[in-house]
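Chemist: Sharing a structure, written as structure tokens. Questions coming.
The values are calculated or read from the model by the stated rules, or taken from the named source; none is laboratory data. Quick caveat: nothing in here was measured; it's all calculated off a predicted structure. Quick reminder, even Gly has a Cβ in these numbers, built from the backbone with ideal geometry, and neighbours come from all protein chains shown.
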Amino acid sequence: MRGFAALHRAGDPLILPNVWDVASARRLVEAGFPALGTTSLGVAAANGLPDGVGATGADTLRLARSLATLPVHLTVDLETGSVDDAAAVAACGAAGVNLEDAMRPAEVHAALIRSVKRRVPRLFVNARTDTYWQRPGDLPETLRRVRLYAEAGADGVFVPGLAQPADIAAVVAAVDVPVNILFLPGLHTATALASLGVRRISTGSLLFRATLAASVETARAVRDGGPVRVDLPSYGEVNPESRVR
């Protein structure tokens with residue numbers, strides 16, 4: 001299996017599906033994806049917890065331990081995280097982590113990156129800045145932050161919410177490390193992002209939200225007599241260890 005860092009290629013970016021449980025991960029491994037990430041929203045919502053407030057540490061670590069047995073590279077969303085969190089998932093076999101700045105002072109986040117790289121130097125640190133996440137966006141501040149994080153030792157930088165091609169190109173040009181973009185349906189295509197130099201495309205909570213929508217749609221179809229998809233994985237495919245009964 002190719003090294004995780006080597007999957008971040010210019011012109012052929014890593015498409016990184018984000019999972020929330022073992023079942024979703026197994027299906028994506030079977031579909032041929034060489035690397036998976038966790039989604040903090042998916043893990044939080046699946047456990048009845050809020051996202052973005054550091055409430056899912058134990059659940060995330062438990063999931064990382066379960067996913068570590070799969071033949072795939074794993075990167076774990078630690079939200080703002082800590083050095084101990086990063087070391088714990090690395091000990092489980094994770095290849096990388098995602099650490100978000102939550103718009104804290106950039107110097108604080110840079111210090112965390114340096115500390116994580118000192119403790120677990122082979123862990124791929126994807127440094128996220130929230131300069132565009134659920135806010136209008138600030139390109140100069142984004143460029144300042146991604147440069148600072150790259151200088152601190154981040155192996156990649158992540159700017160979720162970034163949508164405009166010119167802004168994406170500016171971030172790519174600002175750093176030598178791989179740039180990660182969150183896929184936004186209707187605004188992005190993988191081909192267009194690749195042409196801008198993006199080397200990693202994450203799905204974030206998209207797959208989890210799509211699963212919720214499909215579940216409700218199917219339940220309504222059963223109730224209302226509408227069509228139900230028939231090209232679904234069978235019981236045995238989802239639970240191959242079981243005997244057919």
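Chemist: Considering ALA64, ALA127, which residue is at pLDDT 95 or above, of a type in the set (A, V, I, L, M) and either within 30 Å of ALA173 (Cα to Cα) or more than 18 Å from the chain's Cα centre (by Cα) (or both)?
Modeler: ALA127
Chemist: Hey, can you tell me all the residues within region 174-186 that are within 15 Å of ARG200 (Cα to Cα) and not polar (S, T, N, Q)?
Modeler: Matches in region 174-186: VAL175, ASP176, VAL177, PRO178, VAL179, ILE181, LEU182, PHE183, LEU184.
Chemist: Which condition from (1) surrounded by 22 or more Cβ atoms within 10 Å (Cβ to Cβ); (2) more than 30 Å from GLY137 (Cβ to Cβ); (3) among the aliphatic types (A, V, I, L, M) is the one that VAL72 breaks?
Modeler: Tallying (1) surrounded by 22 or more Cβ atoms within 10 Å (Cβ to Cβ); (2) more than 30 Å from GLY137 (Cβ to Cβ); (3) among the aliphatic types (A, V, I, L, M), VAL72 fails exactly one: (1).
Chemist: What single numbered condition from (1) touching a residue at least 24 places away in the same chain (Cβ under 8 Å); (2) surrounded by 14 or more Cβ atoms within 10 Å (Cβ to Cβ); (3) outside any helix (DSSP H, G or I) fails to hold for ASP167?
Modeler: Going through the list (1) touching a residue at least 24 places away in the same chain (Cβ under 8 Å); (2) surrounded by 14 or more Cβ atoms within 10 Å (Cβ to Cβ); (3) outside any helix (DSSP H, G or I), ASP167 breaks only (3).
To keep it simple, each residue is scored yes or no on (1) modelled with pLDDT of 95 or more; (2) within 16 Å of the chain's Cα centre (by Cα).
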position	(1), (2)
ILE168	yes, no
ALA173	yes, no
PHE183	yes, yes
ARG200	yes, yes
VAL222	yes, no
PRO240	no, no
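Chemist: Now a separate question. If I ask for residues that are outside any loop (DSSP other than H, G, I, E, B) and either among the aromatic types (Phe, Trp, Tyr) or touching a residue at least 24 places away in the same chain (Cβ under 8 Å) (or both), which ones from region 44-57 would you list?
Modeler: Listed by number, the residues that qualify are ALA45, ALA46, GLY57.
Chemist: Related question: Condition (residue is modelled with pLDDT of 95 or more, touching a His at 6+ places or on another chain (Cβ under 9 Å), hydrophobic (A, V, I, L, M, F, W, C) and within 22 Å of THR203 (Cβ to Cβ)) applied to region 101-108: is it met by at least one residue?
Modeler: Checked against the condition, which is being modelled with pLDDT of 95 or more, touching a His at 6+ places or on another chain (Cβ under 9 Å), hydrophobic (A, V, I, L, M, F, W, C) and within 22 Å of THR203 (Cβ to Cβ), region 101-108 yields at least one hit.
Chemist: State whether the residues of region 177-184 include one that is among the hydrophobic types (A, V, I, L, M, F, W, C) and exposed (fewer than 15 other Cβ atoms within 10 Å of the Cβ).
Modeler: The answer is yes; a qualifying residue exists.
Chemist: When you check GLY11 against the structure, is it at pLDDT 95 or above, in contact with a helix residue (DSSP H, G or I) (Cβ under 7 Å, 6 or more places away or on another chain), of a type in the set (Gly, Ala, Ser) and surrounded by fewer than 18 Cβ atoms within 10 Å (Cβ to Cβ), yes or no?
Modeler: Here the answer is yes, as GLY11 does meet what is asked.
Chemist: Counting just the residues of region 58-67 that are in contact (Cβ under 8 Å) with a residue 24 or more places away in the chain and surrounded by 16 or more Cβ atoms within 10 Å (Cβ to Cβ), which one comes out nearest to TRP133 (Cα to Cα)?
Modeler: Selected residue: THR60.
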